[in-house]
Amino acid sequence: MGLRINDTIPNLTVETDKGTFALHDWIGDDWAILFSHPKDFTPVCTTEFGAVAQLAAEWDKRGTKVLGISIDGVEEHKKWKADIESFGGAPAGFPIVADSGLEMAKAFDMLPAEAYMPDGRTPAHSATVRSVFIVGPDKQLKLSMTYPMNVGRNFAEVLRALDGLQTAARENVATPANWEVGQDIVVPAAVSDEDAIAKYGSIDTKLPYLRMAKLPE
């Protein structure tokens, strides 16, 4: 059974190019984004790691740590980071898990339990290791997305989703399609009109079950 929303993620001890640590200890009281890759020195993944490196200030602003995962070793990760930084034009300061034993890929249900990596493997052997996991300070999975190898991930959408998750957790609200910070939120169904007006000042009733409001500044 794969991880589901609100499941507590496995507290694995992982080896990275930045040292060895337990996932729960590494997350601490922060949010975390885990993003996985089928192999080092692959073209699409290199562009993605570069994009993550460029967004370092945005992750920091949101109190969010970033952890890469790849089924290669520490020394390969260190060499690959030179390419990532050359392409992305920004330092790749985040750690990358050396998941050569597949422990993390299997625990997060990115590979079947019986999977193994043959000699001379190619990225096709670990093609399903292409996921994004957003984890809250409570160590629970808040969101997951999985992509094929030939479609680069949109980290602007990862940021947008992170903003939505953090806003929903902080304000006890929901966010509508395409929501961005500053736009109206969805008032939870359990909140009465009277209580919503008292909290937000006014509400915009689109449908009997869809009410929008602006968060107080």
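Quick one: count up the residues across the range 28-49 that are among the charged types (D, E, K, R) and within 17 Å of LYS78 (Cα to Cα).
Summing the residues that are among the charged types (D, E, K, R) and within 17 Å of LYS78 (Cα to Cα) in the range 28-49 gives 3.
Hey, any hits in the range 83-103 for a residue that's more than 27 Å from LEU165 (Cβ to Cβ), free of Cβ contacts under 8 Å to residues at least 40 places away in the same chain and polar (S, T, N, Q)? Spell out the reasoning first.
Within the range 83-103, the first condition is being more than 27 Å from LEU165 (Cβ to Cβ), and the residues that meet it are 83, 85-87, 89, 98, 100-102.
Okay, now just the ones that are also free of Cβ contacts under 8 Å to residues at least 40 places away in the same chain, so 85-86, 89, 100-102.
When the remaining residues are screened for being polar (S, T, N, Q), the result is 86, 100.
Yes, the range 83-103 has at least one match.
Pick from THR167, THR146: which is surrounded by 16 or more Cβ atoms within 10 Å (Cβ to Cβ) and touching a residue at least 12 places away in the same chain (Cβ under 8 Å)?
On inspection, the qualifying residue turns out to be THR167.
Out of GLY50, GLY28, GLY19, GLY2, report the one residue that is surrounded by fewer than 13 Cβ atoms within 10 Å (Cβ to Cβ), under 20 Å from ILE84 (Cα atoms) and either in contact with a strand residue (DSSP E or B) (Cβ under 7 Å, 6 or more places away or on another chain) or of a type outside the set (A, V, I, L, M, F, W, C) (or both). Walk me through how you get there before you give the answer.
Details: GLY50 fails: surrounded by fewer than 13 Cβ atoms within 10 Å (Cβ to Cβ); GLY28 fails: under 20 Å from ILE84 (Cα atoms); GLY2 fails: under 20 Å from ILE84 (Cα atoms).
Criteria check complete, one pass: GLY19.
What is the one condition in (1) surrounded by 13 or more Cβ atoms within 10 Å (Cβ to Cβ); (2) part of a loop (DSSP other than H, G, I, E, B) that PRO216 does not satisfy?
Checking PRO216 against (1) surrounded by 13 or more Cβ atoms within 10 Å (Cβ to Cβ); (2) part of a loop (DSSP other than H, G, I, E, B), the one that fails is (1).
With PHE49, PHE35, PHE21 as the choices, which residue is part of a strand (DSSP E or B) and closer than 30 Å to VAL181 by Cβ?
Testing whether each residue is part of a strand (DSSP E or B) and closer than 30 Å to VAL181 by Cβ leaves just PHE35.
Results for (1) open to solvent by 20 Å² or more (accessible area, probe 1.4 Å); (2) at pLDDT below 95; (3) within 12 Å of HIS37 (Cα to Cα), shown as yes or no for each residue.
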position: GLY89; (1), (2), (3): yes, no, no
position: MET110; (1), (2), (3): no, yes, yes
position: GLU114; (1), (2), (3): yes, yes, no
position: MET117; (1), (2), (3): yes, yes, no
position: THR128; (1), (2), (3): yes, yes, yes
position: VAL132; (1), (2), (3): no, yes, yes
position: PRO137; (1), (2), (3): yes, no, no
position: LEU141; (1), (2), (3): no, no, no
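With (1) touching a helix residue (DSSP H, G or I) at 6+ places or on another chain (Cβ under 9 Å); (2) open to solvent by 50 Å² or more (accessible area, probe 1.4 Å) as the list, and ILE203 as the residue in question, which single condition is left unmet?
(2)
Just checking, does the range 31-45 include any residue being open to solvent by 50 Å² or more (accessible area, probe 1.4 Å) and within 15 Å of the chain's Cα centre (by Cα)?
no
The values are calculated or read from the model by the stated rules, or taken from the named source; none is laboratory data. On a predicted model such as this, the values are computed, not experimentally measured, just so you know. Cβ: placed from backbone, ideal geometry, glycine included. Neighbour counts: every protein chain shown. SASA here: full protein model, heavy atoms, side chains in, ligands and nucleic acids out. Shrake-Rupley method; radii C 1.70, N 1.55, O 1.52, S 1.80 Å.
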